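Heads up: the structure comes next, in structure tokens.
The values are calculated or read from the model by the stated rules, or taken from the named source; none is laboratory data. Since the model is a prediction, treat every value here as computed from it, not as a measurement. Positions of Cβ are generated from backbone atoms using ideal geometry, with glycine treated the same way; all protein chains shown enter the neighbour counts. Side chains included, ligands, DNA and RNA excluded: accessible areas come from the protein's heavy atoms. Shrake-Rupley method; radii C 1.70, N 1.55, O 1.52, S 1.80 Å.
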Protein chains: 2
Amino acid sequence: MDELRPDYILQVGLGFWASKALLSAVEMEVFTELAKHAEDLETLQGRLGLHPRSARDFLDTLVALKFLERRDGRYYNTPITDFFLDKRKPSYIGGMLEMANHRLYPFWSHLTTALRTGLPQNEIREGAPNPFDALYAEPARLREFLRAMTGVSHGANLAIAHKFPWSKYRTVVDVGTAQGDLITQVALANPHLEGIGFDLPQVGPIFEEYVGTNGLSRRVKFVPGSFMEQPLPKADVIMMGHILHDWNLEIKRMLVRKAYEALPQGGAYIVYESIIDDDRSANAFGLLMSLNMLIETADGFDYTGADCSGWMKEAGFRETRVEHLTGPDSMVIGIK
Amino acid sequence: MDELRPDYILQVGLGFWASKALLSAVEMEVFTELAKHAEDLETLQGRLGLHPRSARDFLDTLVALKFLERRDGRYYNTPITDFFLDKRKPSYIGGMLEMANHRLYPFWSHLTTALRTGLPQNEIREGAPNPFDALYAEPARLREFLRAMTGVSHGANLAIAHKFPWSKYRTVVDVGTAQGDLITQVALANPHLEGIGFDLPQVGPIFEEYVGTNGLSRRVKFVPGSFMEQPLPKADVIMMGHILHDWNLEIKRMLVRKAYEALPQGGAYIVYESIIDDDRSANAFGLLMSLNMLIETADGFDYTGADCSGWMKEAGFRETRVEHLTGPDSMVIGIK
């Protein structure tokens, strides 16, 4: 037998099949339907509006991909899809996948053009308005989107809440806080802390509801504002999750300086997202996220821990370190 | 820490990122360029026409996905990408991925519509001519496409050549033979056999060249014809690889009957492709291939070993068995 086999090439090259099957399942609310109760093929086919030609192959594909289970002819959610992909649960992260299905999948079909021109390939390409402006103008859609962001980042948020030496600090600000899960987890795990979530004013009610549900309204407050136009609220620790990669180098450096200015001597700055490994040869998700910034933004990009440490040192931070959180995510910590 | 994590959901849901990065790399001939010699970032960026914004992220993504290596600032193919994705090598399978990039990736964006309507979502949807008609009309493109099919199926072809008890038989026909790699591998491993490749007349010169290169012109001949319209050439063994799934149930049964009629008593019929497991819960690739038949054909579908054995029994075969080959591929064997 030959030594060389093309299996891995074909598996990745046709990997969009499995990806799109899951995205269509989220779009058709397969998991929301099955969260009510298990159903057989005929019932599910009718409920979901699947054509008889495709229903069985589609549902069995989801079984083979481990997103559903089938026992005695009835389909069930797995514990994971029931928790994360049932639209009626607060833990739903399907908003992220709905966005990937409607927007990113077709935009990525223009990846080659993006690679050749360096230009974004999303709505901006056609001169349409930035879809995030519309999102922020509609409270119901914004709430769902921010909730999806929470689900996606929750594991890393928990890791930050437990790994960072919070006992040394008393106050914390989360910049671009969204629904507020990061500061919520940090405050829940560290009852001595007082915190502020800082974001655009539209985010306020969604943040306050989430923090209230978690019983933290006394210790965790919302401060409206724009990190682009204002100084950051002052605190012992400044956190920025999934913020820096959206922007160009100049704005990245400006945001790092703003964090430095908001901290006391000895204060800590935590930057986190899918930080690329320094050798740029291992964290494929972080590198792909940077290509997604190519598709989605004019000049955003992801970066390594060493890159971020360099910007921190330039801004005056005396000490930096990188710590892995979970999956592709790491945090870069700068001490003033 | 919570027990439930969304990592696998996000990995598959955003799996089209890695898929499209590889497909764009094939489109831009990254591997063909690097097969000449290793190159540094600046040179490669210029040669490939990559924009400075995207070049490094793109190439390092390919490194992190294990399609390239980077040593001392120079990019190299891996042994596998050098063998399968260099356009100038006969082992190139990029034709398959070029097709996936230009056609299947955008067509699969309509998967939800296909699931709801049961209708194909390829060129047929827009009333455009079937692209395979155009392919068969252009010898150079057809040669490249059939070569890609060889690369994709070569591992399974070798497995059939070695696993099947060929010593019991003297003659073999490969139906829908394409470039002829299956019958070539079977004949190379079994010097006592004489074989026929049966396919549309346009395939003849491509088949004969391939068989000639392998030194088999004396033992392996081409017979032009259509398995839809004519009886199959007679032989001790009839093989059909990646044929049955293109067609509806009625035509599948007709082809199984034609195989039966072409065989002597005791003769064997070998059907092979990504046969779905009988429980339809394990071979995700086989099930996704069936969804690809939904996208690409009016009524084709993939099937289990039990389905195929059933059609064989109906046609009169007295004994059937299923044997795994390699990756997602299995063969179903019927004995007359």
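Using the charge dipole of the protein assembly as shown (Lys, Arg: +1 at Cβ; Asp, Glu: -1 at Cβ; taken about the Cα centre), state which of A:306, A:164, A:62 has its Cα farthest towards the positive end.
A:164
Taking the square root of 5 times each eigenvalue of the Cα gyration tensor, what semi-axes in Å does the equivalent ellipsoid of the range B:83-135 have, largest first?
Working from the Cα gyration tensor, I get semi-axes of 28, 14, 7 Å.
Take chain B, connect every pair of alpha-carbon atoms lying under 10 Å apart with a spring to form a Gaussian network, then pick out the residue of B:97, B:158, B:14 with the largest mean-square fluctuation.
Greatest mean-square fluctuation among the candidates belongs to B:14.
Going out from 0 in 5 Å bins, what whole percent of all Cα-Cα distances in the range B:207-279 drops into each bin?
Answer for the range B:207-279: a P(r) of 3, 13, 20, 22, 20, 13, 6, 2, 0 percent.
Please state the equivalent ellipsoid semi-axes for the range A:112-192: what are the square roots of 5 times the Cα gyration tensor eigenvalues, largest first, in whole Å?
Value: 34, 17, 11 Å, ordered largest first.
Projected onto the charge dipole of chain B (+1 at Lys/Arg Cβ, -1 at Asp/Glu Cβ, origin at the Cα centre), which of B:109, B:178, B:149 gives the Cα projection farthest towards the positive end?
Going by the charge dipole, the pick is B:178.
Using a 7 Å offset from the Cα along the Cα-to-Cβ direction at both residue A:137 and residue B:248, what is the distance between the two label points in nm, to one decimal?
Result: 4.9 nm between the two label points.
Calculate the spin-label point distance for residue A:226 paired with residue B:36, positioning each point 7 Å from the Cα along the beta-carbon direction, and give it in nanometres.
4.9
Compute from the Cα atoms of the range B:142-284 the Rg and the Dmax, the latter being the longest Cα-Cα distance, and quote both in angstrom.
Just the Cα atoms of the range B:142-284 yield Rg and Dmax of 14.6, 45 Å.
Would you mind checking the radius of gyration and Dmax of the range B:58-97 based on alpha-carbon positions, in Å?
Cα only, the range B:58-97: 10.7, 32 Å (Rg, Dmax).
Take the alpha carbon gyration tensor of the range A:1-132, find the square roots of its eigenvalues, order them as a ≥ b ≥ c, and report rounded if a/c is under 1.5; if not, report prolate when a/b exceeds b/c, else oblate. Show your work: numbers first, answer last.
Values: a/c = 2.35, a/b = 1.34, b/c = 1.76.
In terms of gyration-tensor shape, oblate.
Which lysines, if any, have their Cα less than 17 Å from the Cα of residue B:258, not counting same-chain residues under 8 positions apart?
Those lysines meeting the cut-off are B:234, B:313, B:336.
For residue B:125, put the label point 7 Å out on the Cα→Cβ axis and report which residues of the range A:33-60 keep their amide N under 20 Å from it.
Hits in the range A:33-60 for residue B:125 at 20 Å: A:49-59.
Over the protein assembly as shown, what percent of the accessible surface lies on carbon and sulfur atoms, probe 1.4 Å? Kindly include the intermediate steps, with their values, before the conclusion.
Details: 14120 of 26290 Å².
Carbon and sulfur: 54 percent of the exposed surface of the protein assembly as shown.
Please state, as a whole number in µm²/s, the translational diffusion coefficient that the Stokes-Einstein equation yields for the range B:245-336 at 10 °C and 1.306 mPa s, with Rh defined as the Kirkwood radius across alpha carbon pairs.
119
Given the C-alpha centroids of the range A:1-40 and the range B:167-202, what is the distance between them in whole angstrom?
35
For residue A:36, go through the lysines and keep the ones whose alpha-carbon is under 20 Å away, minus same-chain ones fewer than eight residues off.
A:66, A:87, A:89
Between B:293, B:99, B:149, where does the largest GNM mean-square fluctuation fall for chain B, given springs only between Cα atoms within less than 10 Å?
B:99
Take peptide A:320-329, look around each residue's Cβ out to 10 angstrom, count Cβ atoms belonging to other protein chains, and average those counts. Let's see the in-between values first.
On the way: counts 0, 0, 0, 0, 0, 0, 3, 6, 3, 0.
Partner-chain Cβ atoms within 10 Å, mean over residues of A:320-329: 1.
For chain A, what is the mean residue ellipticity at 222 nm derived from helices alone (per DSSP H run of n ≥ 4: -39500 (n - 2.57); sum divided by total residues; nearest 500 deg cm²/dmol)?
Theoretical 222 nm ellipticity from helices: -14000 deg cm²/dmol.
Measure off 7 Å from each Cα along the Cα-to-Cβ vector at residue B:163 and residue A:257, then give the distance between these two points in nanometres to one decimal.
6.5
What average number of partner chain Cβ atoms lie no more than 10 Å from the Cβ of the residues making up A:63-74? Let's see the in-between values first.
Values: counts 6, 12, 5, 4, 4, 1, 1, 3, 0, 0, 0, 0.
The per-residue average across the peptide is 3.
What number, in percent, do you get for the relative contact order of chain A if the mean sequence gap of Cα pairs under 8 Å and at least 6 apart is divided by its residue count?
On the way: 527 pairs, mean separation 40.0, N = 336.
Relative contact order, chain A: 12 percent.
For chain B, take the alpha-carbon Rg, divide it by the Kirkwood Rh, and send me Rg/Rh.
1.00
Along the range B:207-220, what does the Karplus equation 6.51 cos²θ - 1.76 cosθ + 1.60 (θ = phi - 60°) give for ³J(HN,Hα), rounded to whole Hz, x for Gly and Pro?
Residue by residue, the range B:207-220 yields 4, 5, 5, 5, 5, x, 4, 8, x, 10, 4, 6, 9, 10 Hz.
Hey, any idea what the orientation-averaged projected area of the convex hull of the range A:1-45's Cα atoms comes to, in nm²?
Averaged projected area of the range A:1-45's Cα convex hull equals 5.1 nm².
To make sure I understand the rule: partners must be aspartates and glutamates, Cα under 12 Å from the Cα of residue B:221, and not fewer than 8 residues away in the same chain. Which ones qualify?
Partners within reach: B:174, B:194, B:199, B:208, B:209.
Can you find, among A:51, A:121, B:13, the residue farthest towards the positive end of the dipole of the protein assembly as shown? Put +1 on the C-beta of Lys and Arg, -1 on that of Asp and Glu.
Checked the options; the winner is B:13.
How crowded by other chains is B:274-287, given as the mean number of beta carbons from other chains within 10 Å of each beta carbon?
Counting other chains' Cβ atoms within 10 Å and averaging over B:274-287 gives 5.
What does the protein assembly as shown give for Rg and for Dmax, in Å, if only its C-alpha atoms count?
Expressed in Å, the Cα Rg and Dmax of the protein assembly as shown come to 28.2, 90.
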